[in-house]
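Nothing in this text is a laboratory measurement; each read-out follows from the coordinates by a stated rule. What you are looking at is a predicted structure, and each value in this text was computed from that prediction instead of being measured. As a convention, Cβ positions derive from the backbone with ideal geometry for all residues, glycine included, and neighbour counts pool all protein chains shown.
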Amino acid sequence: MKRVLLAIALSAPLLAQNVSVGEAQSFQASDAGKGDEDYQKGLSALDNHDWDGAIAAFDESASHKKNSAPAALYWKAYAQNKAGRRSEALESIAQLRRDYKNSRWLNDAQALEVEMRGQSGAPVNPGSESDEELKMVALNSLMQGDPDRALPIIEKVLASNNSEKVKDKALFVLVQSGSPKAAKLLGDIARGTSNPNLQLRAIRYMGMMGNEESRRELPAVYAASNNPEVKRAILRSYMTSGSRDLLLNAAKAEQDPELRHEAIKQLAVSGGSEQLWQLYSSESSMDNKRFILKQMFITGKSDRLAELARAEKDPSLRAEAIKSLGLMGENGRPDVLVDIYKSDTSPEVRRAVLQALFLQNNGKALVDLARSEKDLEMKREIVNKMSLVHSKEVTDYMMEILK
């Protein structure tokens, strides 16, 4: 998965080198070679790793001078490279460049050429490439083959006047490296000491694609920073990487109310229902408890909410838990809601149950409660709620009232 994400982030040409033939065909030109039997034979041969068969088929396809000829020349060079015939592959690329100067396959061919230079041990100098996309292909190739040489170049690219696009992609390449030197450089960027303009992007990439070592840097960066924007980016990075314990720690220790709420929100988005429960259990502020309850339904898990809806001593908090259950639809434990309505005497709680069942569009439960309700005022309220719910049970009950 990382390789596909890296390829997409770097360039379409790089993608052609890192994915399967079938994937490359769908990304590059799904309509290329339609109606060309030799071209289709070539693709089948590539799928079977029959390099010689692919070379012969694509050579024949390219000789037809049809619309598929540029693609055929590219795949011919690809197969020749796979077969170890790199000089022939370079000749095929040269033919493509010479005969089809405006073909969109030229970028892919140039990327393949850079890749072959890296495979053959020839120097790959990203700085020698004028095209930004090819510069990144060369940089990625160098990182894979010789990371010690690549890191100083990445550092230079990040500190240079290159476009933000190139810097962003260079940073993405850096995140893939597991070397201690790369981790130190990435940590410096995340702290803002190396390149403040790339700080937030480095933090985002560390959460999205970084290894465990790079992710361990983030709590130290969070603790050392006084910048709310940086801290917010780290909290979101925790969510991306599934670091629920770090989010829980931030939610407990953070003194800034907005950042604390951000940590709770990201904890909910990450599915941390148990962590939210721990936080709720240790919280003394009513406002904070209410905020946590509002986030609990985002996790999609209703067990803890149902427990609070039943057992929370404060009626307003119980009502908030019931409201959250209502927002969860069919997963919001309507059976628990009905039991609460029947056993609770608090008007606030009972009205919260009716509103929750209404939000769930649960006509049957509302009808059952209306049938058993003895208080005329509450019965009217139930009927008012169900009048906005469309179900057979509600229609039948309304007919009974009209008789």
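Which net charge results for the neighbourhood of Asp188, defined as the other residues with beta-carbon distances under 10 angstrom from its beta-carbon, given Lys and Arg at +1 and Asp and Glu at -1? Taking every Cβ under 10 Å from that of Asp188, the sum is 0. Seen from all directions on average, the stretch 146-241 presents a Cα convex hull projection of 5.5 nm². Modelled spin-label separation between Asp146 and Asn249, with each label point placed 7 Å from Cα along the Cα-to-Cβ direction: 4.0 nm. What separates the Cα centres of the stretch 345-393 and the stretch 167-182 is a distance of 58 Å.
Three principal axis extents of the stretch 203-335 based on alpha-carbon atoms, in descending order, are 46, 28, 19 Å. Just so you know, the Cα atoms of the stretch 302-403 work out to an Rg and Dmax of 13.1, 43 Å. Residue-wise HN-Hα couplings along the stretch 55-69, as the Karplus relation 6.51 cos²θ - 1.76 cosθ + 1.60 with θ = phi - 60° gives them from phi, are 4, 5, 5, 5, 4, 5, 5, 5, 5, 6, 6, 7, 4, 7, 4 Hz; Gly and Pro carry x. Pairs from the table (Lys313/Lys392; Lys101/Lys169; Lys41/Lys66; Lys323/Lys364; Lys156/Lys181) lying more than 25 angstrom apart at Cα are Lys313/Lys392; Lys101/Lys169. Averaged over residues, the count of other Cβ atoms within 10 Å places the peptides 318-326, 380-388 in the sequence 318-326, 380-388, highest first. Phi-derived couplings, Karplus 6.51 cos²θ - 1.76 cosθ + 1.60 at θ = phi - 60°, listed residue by residue for the stretch 320-335: 5, 5, 5, 4, 5, 4, x, 6, 8, x, 5, 7, x, 6, x, 4 Hz, with x used for Gly and Pro. Once the chain from Ser391 to Gln355 is taken as fully extended at 0.36 nm per residue, the excess over their C-alpha distance is 11.3 nm. Can you work out the FRET efficiency for the pair Met208 and Ser316, with r the C-beta to C-beta distance and R0 = 51 Å, to the nearest 0.05? Using R0 = 51 Å, I get an efficiency of 0.85.
Near Trp277, once Lys and Arg are set to +1 and Asp and Glu to -1 for all other residues with Cβ below 11 Å from its Cβ, the sum equals -2. Extension gain, Asp256 to Glu307: 0.36 nm times the residue separation minus the Cα-Cα distance gives 15.4 nm. Placing R0 at 56 angstrom, the Cβ-Cβ distance between Arg98 and Glu229 gives a FRET efficiency of 0.60 after rounding to 0.05.
With both labels modelled 7 Å from their Cα along Cα-to-Cβ, the Gln40 to Lys184 distance reads 5.8 nm.
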